[in-house]
Amino acid sequence: ELLAERDLSAAFLNHAGALVVVLDREGRILRFNRESERVSGLRFAEVQGKCPWDTVLPPEIAQTVRALAFDALLNDPTRLSGVHVNEWMHRDGGRRLIEWTNSVLLDANGVVNYVVAIGMDVTQRNNTQMALDAFIRRSHFAQAQVEADPTDVDWVHELIWALTSVGRCPRSKSSRRW
């Protein structure tokens, strides 16, 4: 029965759409599911026993993420969980933005045994939000220009384009006046 339960747990971990990473109290990777492998381009065997700050975190943020996401939970296990967002590096050099929820599992004495990190790739959501923010800024700028000079046909066209272009490809930079 224990083997069946272990197999069931492994199936959940490997088929979840989320990244699942389990660390020991030293920060060494004990579990690294398929989604973690896909996002990092690294196999579990390549990262097993290593720390995320030495493998998947960009070097320029590795120690900060370690301090905020791992050490903080280890030093204050009464918090039991924490949420943060950071980049992960792919083997090919690409980067993805991951939103993490970290939890600790304590032993009978209240000492941290494991840190369980569950993450969602929010790269596309973040990119979409940035594009929407840029669109809103362009629309407001064009609107202000039209309000300042309603006879400026170019700005009127820009405003009409901005207001009707949701979902379309952006215009070439050469056609923009700002």
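The values are calculated or read from the model by the stated rules, or taken from the named source; none is laboratory data. Keep in mind that this is a model prediction, so the values were computed, not measured. Every residue, glycine as well, gets a Cβ built from its backbone with ideal geometry; the counts of neighbours run over all protein chains shown. Surface accessibility is based on the protein's heavy atoms, side chains included, excluding ligands, DNA and RNA. Shrake-Rupley method; radii C 1.70, N 1.55, O 1.52, S 1.80 Å.
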- Task: Filter region 90-125 for residues that are within 17 Å of S40 (Cα to Cα), open to solvent by less than 50 Å² (accessible area, probe 1.4 Å) and of a type outside the set (G, A, S) and give the result.
- Result: L97, I98, W100, D121, V122, T123
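Among the candidates T64, T78, which residue alone is hydroxyl-bearing (S, T, Y), outside any loop (DSSP other than H, G, I, E, B) and more than 23 Å from L105 (Cβ to Cβ)? Walk me through how you get there before you give the answer.
Values: T78 fails: more than 23 Å from L105 (Cβ to Cβ).
From the options T64, T78, the qualifying one is T64.
Being out of contact with any Ser or Thr (no Cβ under 6 Å at 6 or more places or on another chain) and without any contact (Cβ under 8 Å) to a residue 40 or more places away in the chain is the filter; apply it to region 103-122 and report the residue that is farthest from L23 (Cα to Cα).
Pass one, region 103-122, residues out of contact with any Ser or Thr (no Cβ under 6 Å at 6 or more places or on another chain): 104-115, 117, 119-122.
From what is left, the residues that are without any contact (Cβ under 8 Å) to a residue 40 or more places away in the chain are 104-110, 122.
Numbers: V104: 9, L105: 10, L106: 13, D107: 14, A108: 18, N109: 19, G110: 17, V122: 22 Å.
In this case the residue turns out to be V122.
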- Selection within region 44-61 - surrounded by fewer than 15 Cβ atoms within 10 Å (Cβ to Cβ) and assigned to a loop (DSSP other than H, G, I, E, B): Q48, G49, P58
- Query: Would region 84-92 turn up any residue that is without any contact (Cβ under 8 Å) to a residue 24 or more places away in the chain and within 28 Å of R38 (Cα to Cα)?
  - Reply: yes
- Sort out which residues of region 71-89 are within 12 Å of A117 (Cβ to Cβ), open to solvent by less than 60 Å² (accessible area, probe 1.4 Å) and touching a strand residue (DSSP E or B) at 6+ places or on another chain (Cβ under 6 Å), and write them in order of number. L73, S81, G82, H84, W88
- Task: From M120, M89, grab the single residue that is in contact with a Pro (Cβ under 6 Å, 6 or more places away or on another chain) and not aromatic (F, W, Y).
- Result: M89
- Unmet criterion (only one of (1) within 15 Å of R28 (Cα to Cα); (2) within 16 Å of the chain's Cα centre (by Cα)) for V112: (2)
